[in-house]
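Contents: one structure, followed by commentary.
The values are calculated or read from the model by the stated rules, or taken from the named source; none is laboratory data. The structure displayed is predicted, hence computed values, not measured ones. Virtual Cβ from ideal backbone geometry, glycine too; neighbours counted across all protein chains shown.
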Amino acid sequence: DTEVTQTPKHLVMGMTNKKSLKCEQHMGHRAMYWYKQKAKKPPELMFVYSYEKLSINESVPSRFSPECPNSSLLNLHLHALQPEDSALYLCASSQAPGLAYNEQFFGPGTRLTVL
Amino acid sequence: KQEVTQIPAALSVPEGENLVLNCSFTDSAIYNLQWFRQDPGKGLTSLLLIQSSQREQTSGRLNASLDKSSGRSTLYIAASQPGDSATYLCAVERRWYSGGGADGLTFGKGTHLIIQP
């Protein structure tokens, strides 16, 4: 099973709302990632968690707050977003940091619209 | 900063043709190169991963090659079918650093492929 699940599939929020995106994998992977994909553009890395610790933050604004409560779960907390943050948010996981074969598996994404 | 370029940006061919999609990257210090397909509005499906020490990987009708020294990879699709229509993305993983963490992928802009029935 190479499935990464994401909820919700779609989210519409106002600029003053607080919401969270959820990502789950049960493959025993120890690296998890958040990417942002704007329309007609490639995905861009936001955060990387290795062994439940934040290892990379690609200078993402603080209105995006990641959390990794355990090895299977990754959250992205959203607060005071801007309309330009509207995008497809993709979660990915891979087996373990540092492995020579570190294939990343992606979830279906959450389509976020900020009004 | 790593830059990944994919050529062509779009391609439309009749069913049954063999295709070559190209990917180039500027920094040869990569760990892995991965090819994905993405259907409209969907997530990414991993097709093939080539480790930096490898030259080639095959899966069914797909064959990917890697020339790390020249910063190039190609994805060969044999006997194309309408179901192959999608955007194909090439992505490179930066070299794993001694900090002990994983690293993310840097993507090209993709090749939008249409296979005509």
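Can you confirm whether residue B:48 is crowded, with 22+ Cβ neighbours inside 10 Å, closer than 21 Å to residue B:8 by Cα and either more than 8 Å from chain A (Cβ to nearest Cβ) or aliphatic (A, V, I, L, M) (or both)? Quick ask: steps written out before the conclusion?
Values: crowded, with 22+ Cβ neighbours inside 10 Å: no; closer than 21 Å to residue B:8 by Cα: yes; either more than 8 Å from chain A (Cβ to nearest Cβ) or aliphatic (A, V, I, L, M) (or both): yes.
No.
Of all residues in the range A:57-89, which are within 11 Å of chain B (Cβ to nearest Cβ) and either among the basic types (Lys, Arg) or touching a residue at least 60 places away in the same chain (Cβ under 8 Å) (or both)?
Hit for the range A:57-89 is A:89, nothing else.
Which members of the range A:6-24 meet the condition of being exposed (fewer than 13 other Cβ atoms within 10 Å of the Cβ) and within 11 Å of chain B (Cβ to nearest Cβ)?
Answer for the range A:6-24, where residues must be exposed (fewer than 13 other Cβ atoms within 10 Å of the Cβ) and within 11 Å of chain B (Cβ to nearest Cβ): A:9, A:10.
Kindly list the number of the only condition in (1) at the interface with chain B (Cβ under 7 Å from one of its Cβ atoms); (2) more than 17 Å from residue B:107 (Cα to Cα); (3) in contact (Cβ under 8 Å) with a residue 40 or more places away in the chain that fails for residue A:100.
Status for residue A:100: all satisfied but (3).
So residue B:53 ticks every box in (1) within 14 Å of chain A (Cβ to nearest Cβ); (2) within 22 Å of residue A:37 (Cβ to Cβ) but one. Which box is left unticked?
(2)
What residue, of B:69, B:65, B:80, is more than 13 Å from chain A (Cβ to nearest Cβ), more than 30 Å from residue A:49 (Cβ to Cβ) and at pLDDT below 95?
After applying the criteria, what remains is B:69.
Given the conditions (1) within 25 Å of residue B:92 (Cα to Cα); (2) assigned to a strand (DSSP E or B), report the number of the one that residue A:39 does not fulfil.
Looking at each condition in turn, residue A:39 falls short on (2).
Could you list, in sequence order, all residues of the range A:11-27 that are more than 15 Å from residue A:81 (Cβ to Cβ) and not charged (D, E, K, R)?
Listed by number, the residues that qualify are A:23, A:25, A:26, A:27.
Yes or no: the range B:14-37 includes at least one residue that is of a type in the set (Val, Ile, Thr) and free of Cβ contacts under 8 Å to residues at least 12 places away in the same chain. Lay out the reasoning, then the answer.
Start the filter on the range B:14-37 by keeping residues that are of a type in the set (Val, Ile, Thr), which leaves B:20, B:26, B:30.
Restricting the remaining residues to those that are free of Cβ contacts under 8 Å to residues at least 12 places away in the same chain gives none.
Within the range B:14-37, not a single residue is of a type in the set (Val, Ile, Thr) and free of Cβ contacts under 8 Å to residues at least 12 places away in the same chain.
Quick test for you: out of A:46, A:27, A:32, pick the one residue that is assigned to a loop (DSSP other than H, G, I, E, B) and more than 8 Å from chain B (Cβ to nearest Cβ).
Selected residue: A:27, the only one of A:46, A:27, A:32 that is assigned to a loop (DSSP other than H, G, I, E, B) and more than 8 Å from chain B (Cβ to nearest Cβ).
Quick grid of which residues meet (1) at pLDDT below 95; (2) more than 30 Å from residue A:9 (Cβ to Cβ); (3) within 15 Å of the chain's Cα centre (by Cα):
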residue	(1), (2), (3)
B:1	yes, yes, no
B:10	no, no, yes
B:31	yes, yes, yes
B:40	yes, no, no
B:99	yes, yes, no
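Only residues that are of a type in the set (Val, Ile, Thr) and either at the interface with chain A (Cβ under 10 Å from one of its Cβ atoms) or assigned to a loop (DSSP other than H, G, I, E, B) (or both): list them for the range B:23-45, please.
Those that are of a type in the set (Val, Ile, Thr) and either at the interface with chain A (Cβ under 10 Å from one of its Cβ atoms) or assigned to a loop (DSSP other than H, G, I, E, B) (or both): B:26, B:45.
In the range A:19-32, how many are at pLDDT below 95 and not hydrophobic (A, V, I, L, M, F, W, C)?
Count: 4.
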